[in-house]
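These notes are about the structure you will find just below.
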Amino acid sequence: MTAAVCHDLQHPGYNNTYQINARTELAVRYNDISPLENHHCAVAFQIFSQPDCNIFSTFDAEAFKQIRQGIITLILATDMARHGEILDSFKHKVDRFDFSDEEHVTCLKMVLIKCCDISNEVRPMEVAEPWVDCLLEEYFMQSDREKAESLPVAPFMDREKVTKPTAQIGFIKFVLIPMFETVMKLFPQIDEVMIQPLRESRDRYEELKQIDDAMREEQKKKSENLTMGKKK
């Protein structure tokens, strides 16, 4: 719970790719290795070091060491650059999962905090969609800055190349559903309460994409007809 609360502390609004490509202070400080997640960890423990905020003050040194390592492990797991690595590790364990095996349990916790981190589309549409709008605006602000600074721009963040439906369809189909379906092997009850909402969200965005595509095609035809009319 503490790792989840702290996992995005002092997020600057620009992702790790930007930090590394722009050679920011955070990227230099953390040697291009999960600069944001390392920063979130550091800020969290700076806060905990203050007497009024030290929620671990009653733990002995060994217990605190274990708690600290656990929080760091989980926050670092939220770096999406590690998504494939972490999910693959969990897939290799899930069919023979052993709750008495510390390595298995740690891997499960890493996957669960990832589920929490990117689970917006599990929530009802009226809750999820405003946050999608906020996220896309954050992406667009970053891509605008990257263009201004002559840095590489990810297509999924470029306001000239991505729409809300196209952004969400790919993310839901190729990131969210596969991850939640893997977790479902351990916890079948999430099918109805989490995976079904994801499928419904995917279907809704696919319908919106069809509408967008039809509107663009209609606009294209109108433009072509107008051009042909001028030539005549």
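So which pairs qualify, if the first residue must be in segment 1-18 and within 15 Å of R29 (Cα to Cα), the second must be surrounded by 15 or more Cβ atoms within 10 Å (Cβ to Cβ), the Cβ gap must be under 6 Å, and the two must be at least 6 apart or on different chains?
N16/P35; N16/L36; Y18/Q142
Of the residues that sit in segment 59-69 and are surrounded by 12 or more Cβ atoms within 10 Å (Cβ to Cβ) and either of a type in the set (K, R) or in contact with a helix residue (DSSP H, G or I) (Cβ under 7 Å, 6 or more places away or on another chain) (or both), which one is farthest from N21 (Cα to Cα)? Give the derivation first.
Our first condition is that a residue be surrounded by 12 or more Cβ atoms within 10 Å (Cβ to Cβ); within segment 59-69, this holds for 59, 64, 67-68.
Then drop every residue that is not either of a type in the set (K, R) or in contact with a helix residue (DSSP H, G or I) (Cβ under 7 Å, 6 or more places away or on another chain) (or both), which leaves 59, 68.
Values: F59: 41, R68: 30 Å.
Of everything passing the filter in segment 59-69, F59 is farthest from N21 (Cα to Cα).
Just checking, which of K220, K185 is in the same structural domain as I169 (by the TED database) and either at pLDDT 85 or above or aliphatic (A, V, I, L, M) (or both)? Working first, answer last.
Working: K220 fails: either at pLDDT 85 or above or aliphatic (A, V, I, L, M) (or both).
Selected residue: K185, the only one of K220, K185 that is in the same structural domain as I169 (by the TED database) and either at pLDDT 85 or above or aliphatic (A, V, I, L, M) (or both).
Looking at segment 162-183, can you tell me whether even one residue there is loosely packed, with under 12 Cβ neighbours inside 10 Å, part of a helix (DSSP H, G or I) and of a type in the set (D, E)?
Looking for residues that are loosely packed, with under 12 Cβ neighbours inside 10 Å, part of a helix (DSSP H, G or I) and of a type in the set (D, E), one finds none in segment 162-183, hence no.
Which numbered condition trips up F156, out of (1) outside any helix (DSSP H, G or I); (2) in contact with a helix residue (DSSP H, G or I) (Cβ under 8 Å, 6 or more places away or on another chain); (3) modelled with pLDDT under 95?
F156 satisfies every listed condition except (1).
Would segment 139-153 turn up any residue that is among the hydroxyl-bearing types (S, T, Y), surrounded by 10 or more Cβ atoms within 10 Å (Cβ to Cβ), assigned to a helix (DSSP H, G or I) and within 18 Å of the chain's Cα centre (by Cα)? Outline the logic, then answer.
Of segment 139-153, the ones among the hydroxyl-bearing types (S, T, Y) are 139, 143, 150.
Right, trim to surrounded by 10 or more Cβ atoms within 10 Å (Cβ to Cβ) and you get 139, 143.
Pick out the ones that are also assigned to a helix (DSSP H, G or I) and you get 139, 143.
From what's left, within 18 Å of the chain's Cα centre (by Cα): 139, 143.
The answer is yes, given that some residue of segment 139-153 is among the hydroxyl-bearing types (S, T, Y), surrounded by 10 or more Cβ atoms within 10 Å (Cβ to Cβ), assigned to a helix (DSSP H, G or I) and within 18 Å of the chain's Cα centre (by Cα).
Name the single residue that is farthest from D144 (Cα to Cα) among those in segment 13-58 being small (G, A, S) and surrounded by 18 or more Cβ atoms within 10 Å (Cβ to Cβ). Write out each step before concluding.
Just the residues of segment 13-58 that are small (G, A, S), to begin with: 13, 22, 27, 34, 42, 44, 49, 57.
Imposing the further condition that a residue be surrounded by 18 or more Cβ atoms within 10 Å (Cβ to Cβ) reduces the set to 27, 34, 44.
Working: A27: 20, S34: 22, A44: 30 Å.
Once the filter is applied, the top-ranked residue is A44.
Residues are listed down the side, and each one gets a yes or a no for (1) in contact (Cβ under 8 Å) with a residue 12 or more places away in the chain; (2) farther than 24 Å from F90 by Cβ:
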| position | (1), (2) |
| --- | --- |
| P152 | yes, yes |
| P165 | yes, yes |
| M184 | no, no |
| P188 | no, no |
| D203 | no, yes |
| L208 | yes, yes |
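Please indicate, with yes or no, whether at least one residue in segment 199-206 is buried (at least 16 other Cβ atoms within 10 Å of the Cβ) and outside any helix (DSSP H, G or I).
no
For E121, are the conditions met, namely being part of a helix (DSSP H, G or I) and farther than 30 Å from T73 by Cα?
Against the criterion (part of a helix (DSSP H, G or I) and farther than 30 Å from T73 by Cα), E121 does not qualify.
Which residue is surrounded by the fewest Cβ atoms within 10 Å (Cβ to Cβ), if the candidates are limited to segment 92-120 and must be of a type in the set (K, R) and under 26 Å from D8 (Cα atoms)?
Of all residues in segment 92-120, those of a type in the set (K, R) come to 93, 96, 109, 114.
Keeping just the survivors that are under 26 Å from D8 (Cα atoms) gives 109, 114.
On the way: K109: 15, K114: 24.
Ranking the candidates gives K109 first.
The values are calculated or read from the model by the stated rules, or taken from the named source; none is laboratory data. All values reported here derive from a predicted model rather than from experimental measurement. Every residue, glycine among them, receives a Cβ derived from its backbone with ideal geometry; neighbour counts consider all protein chains shown.
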